[in-house]
1. Going residue by residue through segment 41-48, is there one that turns out to be at pLDDT below 90 and either at positive phi or part of a loop (DSSP other than H, G, I, E, B) (or both)?
2. Taking segment 1-39 as the search range and keeping residues that are acidic (Asp, Glu) and within 21 Å of Ala93 (Cα to Cα), which one is surrounded by the most Cβ atoms within 10 Å (Cβ to Cβ)?
3. Tell me, which residue of segment 56-96 that is modelled with pLDDT of 90 or more and loosely packed, with under 13 Cβ neighbours inside 10 Å is farthest from Gly40 (Cα to Cα)?
4. In segment 4-41, what residues are of a type in the set (Lys, Arg) and touching a residue at least 24 places away in the same chain (Cβ under 8 Å)?
Amino acid sequence: MAKMLEVTSRSGRTFKVDISDKACRKFGCRHGDVITDPGGNKGKAMGVAPSLRCSPKDLGPDELWYVLDGEPGGRASYWSGSLEDGGFKVVVADTK
């Protein structure tokens, strides 16, 4: 069974993400890794969930959810591809 964590999106929707290494490795990181987005903003990789842009009956592709430092309420953003391809960087890998 996958390890799950509840997060809230920037739009206010609450849902669970898979924080397992297997799920996060598809995006080039682990849960808890400190990352930077293409603009150089720091944040933390949270986990993976199917796209919220699709209906609950028709789950979309997996997306990596992350929280940028200073985001009001710790609300999460997402990325659909590999972090490296999108200009993201893992700056501090979680060594758990």
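The values are calculated or read from the model by the stated rules, or taken from the named source; none is laboratory data. The model shown is predicted, which means the values in this text are computed figures rather than measured ones. When we count neighbours, we look across all protein chains shown, and the Cβ atoms used for this are built from the backbone with ideal geometry, even at glycine.
1. no
2. The initial filter retains those residues of segment 1-39 that are acidic (Asp, Glu), namely 6, 18, 21, 33, 37.
Narrowing the set further to residues that are within 21 Å of Ala93 (Cα to Cα) leaves 18, 21, 33, 37.
Values: Asp18: 19, Asp21: 12, Asp33: 22, Asp37: 17.
For segment 1-39, the residue satisfying everything is Asp33.
3. Gly73
4. Matches in segment 4-41: Arg10, Arg13, Lys16, Lys26, Arg30.
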